[in-house]
Ligand code: GAR
């Protein structure tokens, strides 16, 4: 039995990536254990997963970033969390916070980085007439969506692709590469 690394997932919304990580993390040899979920949205659907799987969770408003980070840090330290996954977390963390966890925070982004950093990725991918889009898991660095890439998965953009169909198609791949990335980091 591997000694699992105590980890935290930050979310803002549906939490489907969180769900994929939770499910995989129950394998005896998966390297991390989710011991905390932090949401900056009280209504995040992902918080229901915390209840379902009996994982401690916290809501901290991100209206005041400093307070959000202070409260999160307090909880993270209290629980001896050593690794953080951002999974659909839609706020930008401060350089100060990120530096405290150098190479210990990873994120998933719904594009083939360095293409389409930031928001509205699917809309921009479609507008660019690109043949492919995809998703990327990367380390979080102070520059938005620019840290070292861990894994990427390409998907073909079909002729009649819509933002929603592309989003769904990419999410399927996100759910695979997020757990795979975690495995590859600790292998
Ligand atoms: C995912 O597509 C994720 O890549 C994206 O938000 C969605 C969250 O879905 N993240 C970003 O755009 C971060 N900039 P989920 O809440 O169902 O995991």
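Those helices (runs of 4 or more DSSP H) of region 1-95 in which at least 2 residues are touching a residue at least 60 places away in the same chain (Cβ under 8 Å), considering only elements entirely within it, cover 16-25, 65-78. Checked against (1) closer than 28 Å to residue 82 by Cβ; (2) more than 11 Å from the ligand (Cβ to nearest atom), residue 123 meets all criteria but (1). Among the residues of region 1-45, those that are over 21 Å from residue 72 (Cβ atoms), in contact with a helix residue (DSSP H, G or I) (Cβ under 7 Å, 6 or more places away or on another chain) and more than 9 Å from the ligand (Cβ to nearest atom) comprise 24, 30, 31.
Does residue 88 fit the bill of being crowded, with 19+ Cβ neighbours inside 10 Å and closer than 30 Å to residue 156 by Cβ? Can you show your working first?
On the way: crowded, with 19+ Cβ neighbours inside 10 Å: yes; closer than 30 Å to residue 156 by Cβ: yes.
So residue 88 passes the test.
Within the group 128, 72, which residue is surrounded by fewer than 19 Cβ atoms within 10 Å (Cβ to Cβ) and away from the ligand (no atom under 15 Å from the Cβ)? Walk me through how you get there before you give the answer.
Values: 72 fails: surrounded by fewer than 19 Cβ atoms within 10 Å (Cβ to Cβ).
None of the others qualify; the one that does is 128.
Evaluating residue 63 against the criteria (1) under 19 Å from residue 138 (Cα atoms); (2) out of contact with any strand residue (DSSP E or B) (no Cβ under 9 Å at 6 or more places or on another chain) leaves one unmet condition, (1). Pairs meeting the criteria (first residue in region 98-112 and farther than 19 Å from residue 155 by Cβ, second residue in a loop (DSSP other than H, G, I, E, B) and more than 8 Å from the ligand (Cβ to nearest atom), beta carbons under 7 Å, at least 6 apart or on different chains) are 98/140; 98/141; 98/142; 104/82; 105/140; 106/140.
The single residue among 101, 97 that is crowded, with 16+ Cβ neighbours inside 10 Å, touching a strand residue (DSSP E or B) at 6+ places or on another chain (Cβ under 7 Å) and closer than 25 Å to residue 47 by Cα turns out to be 101.
So, residue 171, is that one closer than 27 Å to residue 42 by Cα, within 16 Å of the ligand (Cβ to nearest atom) and surrounded by 12 or more Cβ atoms within 10 Å (Cβ to Cβ) or not? Judged against the criteria, residue 171 is a match.
FYI, it's all coordinate maths here, none of it is from the lab. Nothing here was measured: the structure is a model prediction, and the numbers come from that model. Don't worry about glycine lacking a Cβ; one is built from the backbone with ideal geometry, like all the others, and counts go over all protein chains shown.
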